[in-house]
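See below for the structure under consideration.
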Amino acid sequence: MINLPNGLFDFQEACSLFLVDKVGLQDSKQTITVKAPTGAGKTVILIDFIDKFLSSVNSNTAFIWLCPGKGDLEEQSRQKMISLLPNRRTNTLNDALLSGFEAGSTTFINWELITKKGNKAISDTEKKNLYDRIAEGNRKKITYIIIVDEEHSNDTKKANDIINAFSAKNIIRVSATAKENKLYEFYEIDEIDVISSGLITKALYINEDVEYDGELESEYGYLLEIADKKRKQIAQAYSLQDGKAKTIRPLVIIQFPNSSDRLVEAVEKKLEEMNYTYKNQMVAKWFSDQKENLDGITELNATPIFLLMKQAIATGWDCPRAKILVKLRENMAEDFEIQTIGRLRRMPEAKHYDIDILDFCYLFTFDEKYKEGIKLAMSQAFETKRVFLKDKCKVFTLEKQYRDKDVGGLGERETFKQIYKFLVDKYKLSGNKQENRLRLEGAGYNFNEKIIGKMLEGKFITTDSVFSEQAEHYRQTTRTVNTHKHGIELLHSVDVLKSTIGMTTQKTKVILERLFRKSVAVPNKLLSLGTAEYYAFVINNEHKLKSDFREAVAMTGVQQSLVFAPKTATFRIPEQELYRYDSTETDVEEFISNAYKDYSSAMIVEGIRSKSERLFERYCEEQEDIEWVYKNGDTGQQYFSVCYMGVMNKQWLFYPDYIVKKTNGDIWIIETKGGEIGNQSKNIDNQVENKFASFKQYAEKHGIKWGFVRDKNDKLYINNSEYTDDMATEHWKPLKDNF
């Protein structure tokens with residue numbers, strides 16, 4: 001029996017019994033997924049399940065507990081089991097390699113020890129490698145059950161091969177971000193039950209008591225002072241709880257953007273001014289290449305009260321005294337992982353005190369992007385599945401094109417002229433700068449002299465509630481331009497725009513200044529903005545400028561054979577691929593025509609494939625003259641690409657959607673685009689004409705059949721002659737008659 005003085009909480013017991021029941025059935029689904037909020041005690045639940053199963057169901061079972069490679073989670077879990085079940089046998093990977101897998105044992109394995117290239121655990125030269133020991137256990141008729149901790153962390157061919165080698169009766173996957181899959185058993189622990197148990201905080205407060213008027217001398221300084229004030233209040237509240245001030249020292253985590261060395265130095269200096277330093281051990285650092293004062297930091301009475309971090313907190317890191325997170329920004333789109341909030345929500349003594357300041361946790365940030373990162377991490381609608389290429393497709397090759405980086409596009413002067421002309425034509429601009437401002441403002445450009453943003457604030461009970469789009473949770477922020485403080489923010493906007501027009505940062509900066517900035521003396525200028533106005537204009541209108549610049553670049557270019565000379569390489573279909581799929585689909589059929597095994601109809605649902613793609617793949621599946629169909633990737637060196645040139649004489653790549661081989665040996669390359677609905681085009685690709693021209697040139701050179709395919713009234717049409725957006729022209733022909 002598990003060694004807990006008060007036993008399991010009801011929700012933990014219910015989950016453990018669910019696992020015993022499902023694994024005990026002979027005909028249960030092989031995979032069981034458990035969604036457990038961070039702080040729910042999933043390790044305790046799994047240990048109790050193992051004990052119950054070995055005692056009451058099947059003692060001739062060996063458990064394999066797979067953990068991600070960060071934070072030594074496998075050793076943490078093993079030590080937890082030793083303390084809770086001292087009479088049960090626990091093994092490391094080395095133990096298993098030396099003695100094999102024994103009935104009644106639980107072997108804790110770090111993924112990196114068995115999947116990293118060159119590891120001896122799976123080397124053929126070892127006398128007894130992992131596969132040998134697995135086979136040995138199978139010959140002994142031992143039943144394997146696999147537990148995959150943090151199940152989202154490893155999804156590779158090698159990991160898949162190792163799991164398959166066990167031929168496990170069941171695979172139990174556990175994560176805070178698991179999603180329901182109709183093909184698997186699924187169990188979700190209600191976050192409210194975990195809150196009610198006292199294991200995690202009652203709520204998360206975001207930006208409590210933050211008063212932001214945009215006139216701060218230092219954003220990070222202000223947030224650090226607010227966080228320290230809150231930390232002192234929490235410490236004082238602990239001191240009134242039976243002398244807990246000596247045993248619980250609340251910790252403030254400061255998280256930086258990855259590219260933030262200058263910001264780190266500034267924060268260290270601010271903390272030093274507040275009398276918190278590395279030397280007096282009040283400050284700790286956990287960066288990938290720098291670590292300081294980390295020994296014993298998770299202890300409730302540890303000395304450090306500020307922890308500086310860049311990367312997301314390591315999987316399995318458990319520090320219940322962490323109560324406050326300061327998320328700093330440098331105006332970069334950094335992901336904010338859901339585990340970070342999870343670490344804040346643990347209660348240090350696994351109980352509530354019924355005092356709000358102790359029963360809540362706190363996040364302070366001016367970062368407007370962090371919510372997007374949480375949403376991305378928590379609520380992506382689709383899972384991914386790894387599929388493997390059929391043997392008959394492994395010999396296929398095709399010449400692909402890629403950019404010649406030695407060939408530049410237009411210079412900044414010519415690019416400026418092109419963008420200038422585009423903006424003048426689109427918005428009917430003139431030499432009258434005041435009138436130009438009115439026209440641009442009327443078209444949606446923002447001329448506020450301050451930098452506009454928004455800040456999330458409020459009390460959130462569950463993690464999911466942070467995603468709510470309720471207006472009352474937001475407050476608009478304005479910041480007076482400071483060229484010193486906001487120079488990096490301006491450069492970030494310039495970097496966004498440079499990728500749109502294919503220029504360097506410096507050249508893009510020159511183009512923007514010649515178009516809009518007063519201090520740059522050029523005859524052709526659309527606006528004449530002062531320095532502060534210019535900063536605010538570019539930062540506030542980043543998305544609008546990006547859209548216009550992209551449209552300017554997309555104007556049909558002249559494909560000059562002397563200039564247009566992309567480099568080439570041999571393309572082969574990747575031997576394995578990750579495809580998203582809808583796990584809630586019930587009527588799933590395998591697509592036999594696809595180049596990959598186990599590619600199914602669940603991979604072409606709405607939200608994953610466009611309508612024209614869905615119709616095309618289903619059409620191919622129904623045709624008897626299709627040998628195979630390959631769905632190409634969207635970007636990356638491993639995929640098939642064709643080079644095209646825009647009006648700036650800049651080389652760009654696009655990735656046609658499909659390669660099809662017919663039974664007569666013909667190779668077709670197909671690009672799908674949005675079709676028409678009610679005589680209105682659904683195509684949103686403003687480079688479509690440039691792509692069409694280059695695609696046609698490529699196909700003629702290589703003698704390959706090709707076409708652009710679009711949908712109209714649930715029927716597909718193909719064009720490989722002359723591109724028109726209007727599908728009523730003779731160039732768009734029924735696919736069924738021309739493919």
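The values are calculated or read from the model by the stated rules, or taken from the named source; none is laboratory data. These numbers come from a predicted model, not from an experiment. In this analysis, Cβ positions are derived from the backbone assuming ideal geometry, glycine residues included, and neighbour counts consider all displayed protein chains. Note: accessible area is taken over every heavy atom of the protein model, side chains too, but ligands, DNA and RNA are not part of it. Shrake-Rupley method; radii C 1.70, N 1.55, O 1.52, S 1.80 Å.
To keep it simple, each residue is scored yes or no on (1) at pLDDT below 90; (2) touching a strand residue (DSSP E or B) at 6+ places or on another chain (Cβ under 7 Å).
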residue: ILE313; (1), (2): yes, no
residue: LYS327; (1), (2): yes, yes
residue: ARG343; (1), (2): yes, yes
residue: HIS352; (1), (2): no, no
All conditions in (1) surrounded by 15 or more Cβ atoms within 10 Å (Cβ to Cβ); (2) at negative phi; (3) touching a helix residue (DSSP H, G or I) at 6+ places or on another chain (Cβ under 7 Å); (4) modelled with pLDDT under 80 are true of VAL522 except (1)
Can you spot a residue in segment 72-90 that is among the polar types (S, T, N, Q), open to solvent by 10 Å² or more (accessible area, probe 1.4 Å), in a loop (DSSP other than H, G, I, E, B) and within 22 Å of GLU188 (Cβ to Cβ)? no
The condition from (1) surrounded by 19 or more Cβ atoms within 10 Å (Cβ to Cβ); (2) in a loop (DSSP other than H, G, I, E, B) that ALA284 misses is numbered (2)
ASN664 vs. criteria free of Cβ contacts under 8 Å to residues at least 12 places away in the same chain, closer than 26 Å to GLU624 by Cβ and surrounded by fewer than 20 Cβ atoms within 10 Å (Cβ to Cβ): no
Residues of segment 423-458 being under 38 Å from the mean Cα position of the chain (by Cα), modelled with pLDDT of 90 or more, surrounded by 12 or more Cβ atoms within 10 Å (Cβ to Cβ) and not in a loop (DSSP other than H, G, I, E, B), in sequence order, are LEU423, LYS426, TYR427, LEU440
| Selection status of ALA565, open to solvent by less than 60 Å² (accessible area, probe 1.4 Å), more than 30 Å from LYS179 (Cβ to Cβ) and modelled with pLDDT under 90 | yes
Taking segment 14-49 and keeping only residues that are open to solvent by 30 Å² or more (accessible area, probe 1.4 Å), over 18 Å from PHE63 (Cβ atoms) and in contact with an Asp or Glu (Cβ under 8 Å, 6 or more places away or on another chain), one is left with LYS29, LYS35
Subset of segment 396-421, residues open to solvent by less than 40 Å² (accessible area, probe 1.4 Å) and at pLDDT 90 or above, comes to PHE396, LEU398, LYS400
Of all helices (runs of 4 or more DSSP H) fully inside segment 490-604, the set with 2 or more residues that are within 30 Å of the chain's Cα centre (by Cα) and of a type in the set (D, E, K, R) is 542-553
